[in-house]
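What follows is a set of notes on a single structure, which appears directly below.
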Protein chains: 2
Amino acid sequence: MKSWSRAVLVCMLVHVIREVLSGGHPYIVPTVGQVWPKPQMHVSQTSTLSISPDQFTFTVTDETCPLLQRALDRYLAIMFPANKQLSTARHAGRVSGKALTSFQIRLMAACEGAPYLHMDEHYEIKIDSPDEPGVGSIVAVSVWGILRGLESLSQLLIPAGDGTYFVYATQIMDFPRFSHRGFMIDTARHFLPMNKIKEMLDLMSMNKYNVLHWHIVDDQSFPYVSDVYPDLSTMGAWDSNRVYTSADIADIVSYATDRGIRVIPEFDTPGHTRSWGDGQPDLLTECYTNGSPNGLYGPIDPSKETTYDFLKALFTEVTSRFPDHYLHLGGDEVPFACWISSPSISEFMVQQNITTYSGLESYYIARLLDIVANLPTANGYMVWQEVFDNNVTLASDTVVHIWKGSGDDLENELSDVTAAGFSTLLSSCWYLNYISYGTDWHPYYECDPQNFNGTEAQKSLVVGGEACMWGEWVDRTNLIARTWPRASVVAERLWSDASVNSTSEAAPRLEEMRCRLLNRGYDAEPLGWGYCDADL
Amino acid sequence: MKSWSRAVLVCMLVHVIREVLSGGHPYIVPTVGQVWPKPQMHVSQTSTLSISPDQFTFTVTDETCPLLQRALDRYLAIMFPANKQLSTARHAGRVSGKALTSFQIRLMAACEGAPYLHMDEHYEIKIDSPDEPGVGSIVAVSVWGILRGLESLSQLLIPAGDGTYFVYATQIMDFPRFSHRGFMIDTARHFLPMNKIKEMLDLMSMNKYNVLHWHIVDDQSFPYVSDVYPDLSTMGAWDSNRVYTSADIADIVSYATDRGIRVIPEFDTPGHTRSWGDGQPDLLTECYTNGSPNGLYGPIDPSKETTYDFLKALFTEVTSRFPDHYLHLGGDEVPFACWISSPSISEFMVQQNITTYSGLESYYIARLLDIVANLPTANGYMVWQEVFDNNVTLASDTVVHIWKGSGDDLENELSDVTAAGFSTLLSSCWYLNYISYGTDWHPYYECDPQNFNGTEAQKSLVVGGEACMWGEWVDRTNLIARTWPRASVVAERLWSDASVNSTSEAAPRLEEMRCRLLNRGYDAEPLGWGYCDADL
């Protein structure tokens, strides 16, 4: 405790010195050298080691692989940016110390090739610890843990003001509370260029997100280039420059894998499919007025066998391009008006003895789930909550994605889904596209996915959550600022311990994280009045 | 009418062709070649003239001056960007025509040196008109009108798809409905770098704004470098890198003048002044608890003569740097608690026979207005509405800036201010910092500054309005996307005729304007799902 309180005193001293060197009245004064998301355990002492960029190297002591080597190169560039223009006047209260030149990377088991649900993300960091003075190391039993540790290490470095850095003697033991920590992007409402998706993956990596949920197509446009059905994008994309080819997808999957991030595509059906019909005639339901087709189209037509032939061929291709075990099948917001208007649908329902439109929707979903389960890749699937709410029979490893409701309604849904034995993800309180004036992150931070009445077994079925940035009013011009640092708030809720839930305690650390995002070159928006080194 | 309906038919044809060449289902299909803000009169015919960048020149036929020459150079670069990568597949329905090589600039009176309230901004554009076939010209009686005409002309050019452009035979007669069309930036809550302020001036110029209201200092920071009181910024700015020197201010004023934009600084007192006290001890009121100063500070202390000596010296300097006739003196949101707690304030009120704190505020303002009126520059002043609401005696040329209220309250304020004979500006419905989810621009468009019960004389005292972007949650990372294209909506309300008030009619033109902003390299955010040429 003694060293901890001494560390706190040093922290406060650094803050005081910073205040004297600068003026103005900021909303929140940022912390210095705190890790975000907050580790499970992070202790430091007052002694420091100094780091000189041209003398610092990573030394791999045990297992290695190309993915790990690429990560080490990447983090050297992050930790020691070529651009040294950032003012470090704030950190003039430095304490010099012994040099830390060789930082050990101890991966204690063979690398794995790709990230997956429930992968091990534990890591430990030891810097100048009593049992190993002068030594710095990250220890992990998986390459994913090493990645998480590298990010935390990069956040411990404090600029000394002369081009060098220092770190406090530190011990961190860390692992995530939840296994599925996702961010959803929407490339149908607006096309997002490849470099913007990669920028998002870099930002996610900084925040220890490990799933990119790619809502790739929807009513408005179909940018996914299918080789089996090329007309889907030639007719459904905004234009030929706004598409994702199989090479593009492989590029994104590779970029994400390198950062320990899974890529889960969502092909949302049977609703949200208007653009699918542009290149696939007869796929969508023709709507009728007064006995004749009226030129409008509704959800996918569940009454035709050609529909299921199409889905099988498409998803065979999709799953060959996206290697994750899971596929998101959507299943939300299916409007019934067009089905109701259609004579052929009515006839089909009579033939099949389906008496409700909800039942028809379930019939479609059941056929789709059966197709997906029988694919060569034998995928598990994620579905939006409606599919569960409508009592469709789901495979036991289905992940139910809750996106609606708040308060009691939300708690009841979490309880019902987990009581039925399904894994679940929460997004309801994390629709970041719902912007509003002023400080809006407190509800994101205070939303807890395990806040419902249930057994421990039920609670353990909550595998995590996802922050969503729906794209109706978002494209490359405002995606980054609108997402960050608000998505950092969700990242901490999903990584850190449930007890780390005080917004007033988090605020100075979040301010530091926002400045860190900015200093690394990302246009994360402000949290309140003040300044960051890189806001010029 | 015949040519007008033919023009409409051509427009529709171009739209149809564009739809066939691209896919997807956009929220709004943009117009092609419409001017924003909508001119008072804009008629076109179906014949076109073609424009080749390397053969197009401006020919000045009458008056000229360096400001005009710089504008012509600037608009050549805007009209014919070196970067020709933008896809013009949308405009493949081109109609080729005679070449337009020499465009006449007819300034019919001598240039003026700087913009001012009620300057003439009329202009006419004639391209291939019946009375002058094959000729293109802008005619105006002021250089400010030429500037507005150049912007409109730049919006008429339609890319032909092969690096050249075409324009329809066109006649425009245009002038603004309101003389004061302003945008307020806040550089106290967050410092805005010089290049960002200049970027805003360029965007304002594209939208025919003619006033930059620079809310330069406030509670949080004091970036204005005063040579008479250097401690104001050395102690009150965020740091020494986040200041505006007299050279910086001259640079901004010059940049704005070149674009026909006035720069009106606001030094808001007696409230909103916390940062002033950091470098000017004894300026602010010391607050008291239980008979002793408690370390907190309130508004400027109105009881000391040193206060007025300070204000006189400061504003003498301020007005020497900002050449506009008007100065914004603020006067809003003065909290009384600190004054109430102060024994010396109480004593002063007794001495002066001031019986209310509202009266004390008015005493201060009256002293300030007297100082400003007696400056060598004999400025007029703008004040926030509280100063009027508190019955302070105001000079007859005062502009009262209304920022509070809506509905009946707002209409009553507009009516009261104009009934008292004062010019007024409206901002109440145009606080663009108040963001919300989804399409939020309709209320901005539908807000009319002359929507109140009053005589024609009263209505004519409404000189215009200002869109405001308060900076508590805004800095260089999100300023542009948060401001544009929403500020374009206010720009049209302030320029175009009152009858141009249909959001459904405006929406496709606004979509075109948003794409135009993006194509010129500005990160204006989306209005709804879809795409623009430059959104990659």
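The values are calculated or read from the model by the stated rules, or taken from the named source; none is laboratory data. As the structure is a computational prediction, the values presented were derived from the model and not from experiment. Positions of Cβ are generated from backbone atoms using ideal geometry, with glycine treated the same way; all protein chains shown enter the neighbour counts.
List of remarks:
- Between B:Ser292, B:Ser221, B:Ser254, B:Ser246, the distinction of being among the small types (Gly, Ala, Ser) and surrounded by 23 or more Cβ atoms within 10 Å (Cβ to Cβ) belongs to B:Ser221 only.
- Taking the numbered list (1) within 14 Å of chain A (Cβ to nearest Cβ); (2) of a type outside the set (Phe, Trp, Tyr); (3) assigned to a loop (DSSP other than H, G, I, E, B) in turn, B:Asp278 passes all entries but (3).
- Residue within the stretch B:239-249 that is under 24 Å from the mean Cα position of the chain (by Cα) and without any contact (Cβ under 8 Å) to a residue 12 or more places away in the chain present: yes
- Hey, B:Asn412 among the polar types (S, T, N, Q) and modelled with pLDDT of 95 or more or not: yes
- Qualifying residue in the stretch A:221-228 (condition: more than 14 Å from every other protein chain (Cβ to nearest Cβ), within 30 Å of A:Ser44 (Cβ to Cβ), touching a helix residue (DSSP H, G or I) at 6+ places or on another chain (Cβ under 9 Å) and of a type in the set (A, V, I, L, M, F, W, C)): no
- The stretch B:277-312, residues that are of a type in the set (Lys, Arg) and within 14 Å of B:Ile345 (Cβ to Cβ): B:Lys304
- Subset of the stretch A:411-421 that is of a type outside the set (Ser, Thr, Tyr) and surrounded by fewer than 20 Cβ atoms within 10 Å (Cβ to Cβ) - its residue that is nearest to A:Val211 (Cα to Cα): A:Gly421
- So A:Gly438, is it assigned by TED's automatic domain parsing to the domain that holds A:Asp186, over 21 Å from the mean Cα position of the chain (by Cα) and within 29 Å of A:Arg189 (Cβ to Cβ): yes
- Restricting attention to the stretch B:301-353 and to residues that are in contact with a strand residue (DSSP E or B) (Cβ under 9 Å, 6 or more places away or on another chain) and of a type in the set (Gly, Ala, Ser), the residue that is farthest from B:Asp389 (Cα to Cα) turns out to be B:Ser344.
- Of all residues in the stretch A:241-259, those satisfying the criterion of being within 14 Å of chain B (Cβ to nearest Cβ) and touching a helix residue (DSSP H, G or I) at 6+ places or on another chain (Cβ under 7 Å) are A:Val243, A:Asp248.
- Where strands (runs of 3 or more DSSP E) fall wholly inside the stretch A:150-226, the ranges with 2 or more residues that are more than 27 Å from A:His272 (Cα to Cα) and not β-branched (Val, Ile, Thr) are A:165-174.
- Scanning the stretch B:282-309 for residues that are farther than 21 Å from B:Ala337 by Cβ and in contact with a helix residue (DSSP H, G or I) (Cβ under 9 Å, 6 or more places away or on another chain) yields a single hit, B:Tyr308.
- Applying the criterion of being among the polar types (S, T, N, Q) and surrounded by 15 or more Cβ atoms within 10 Å (Cβ to Cβ) to the residues of the stretch B:426-452, the residue that is nearest to the other protein chains (Cβ to nearest Cβ) is B:Asn433.
- The condition (being touching a residue at least 40 places away in the same chain (Cβ under 8 Å), within 21 Å of the chain's Cα centre (by Cα), within 30 Å of B:Thr187 (Cα to Cα) and away from every other protein chain (no Cβ under 14 Å)) is satisfied by just one residue among A:Ala506, A:Ala498, A:Ala524: A:Ala506.
- Looking at B:Ala534, B:Ala481, B:Ala457, just one residue is at pLDDT below 95 and either surrounded by fewer than 18 Cβ atoms within 10 Å (Cβ to Cβ) or within 14 Å of chain A (Cβ to nearest Cβ) (or both), and that residue is B:Ala534.
Residue-by-condition table, conditions (1) surrounded by fewer than 21 Cβ atoms within 10 Å (Cβ to Cβ); (2) in the same structural domain as B:Thr61 (by TED's automatic domain parsing); (3) touching a residue at least 24 places away in the same chain (Cβ under 8 Å):
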| residue | (1), (2), (3) |
| --- | --- |
| B:Asp128 | no, yes, yes |
| B:Gly134 | yes, yes, yes |
| B:Ile138 | no, yes, yes |
| B:Val143 | no, yes, yes |
| B:Arg148 | no, yes, yes |
| B:Val167 | no, yes, yes |
| B:Lys198 | yes, no, yes |
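- Extreme residue, nearest to the other protein chains (Cβ to nearest Cβ), among residues of the stretch A:168-191 that are out of contact with any Ser or Thr (no Cβ under 7 Å at 6 or more places or on another chain) and among the aliphatic types (A, V, I, L, M): A:Ile185
- The residue list B:Ala313, B:Ala247 contains one member that is small (Gly, Ala, Ser) and closer than 30 Å to B:Asn207 by Cβ, which is B:Ala247.
- Those residues of the stretch A:516-536 which are part of a loop (DSSP other than H, G, I, E, B) and charged (D, E, K, R), in sequence order: A:Arg520, A:Asp523, A:Glu525, A:Asp533, A:Asp535
- Criterion violated by B:Val489 - all others in (1) crowded, with 18+ Cβ neighbours inside 10 Å; (2) more than 29 Å from B:His190 (Cα to Cα) satisfied: (2)
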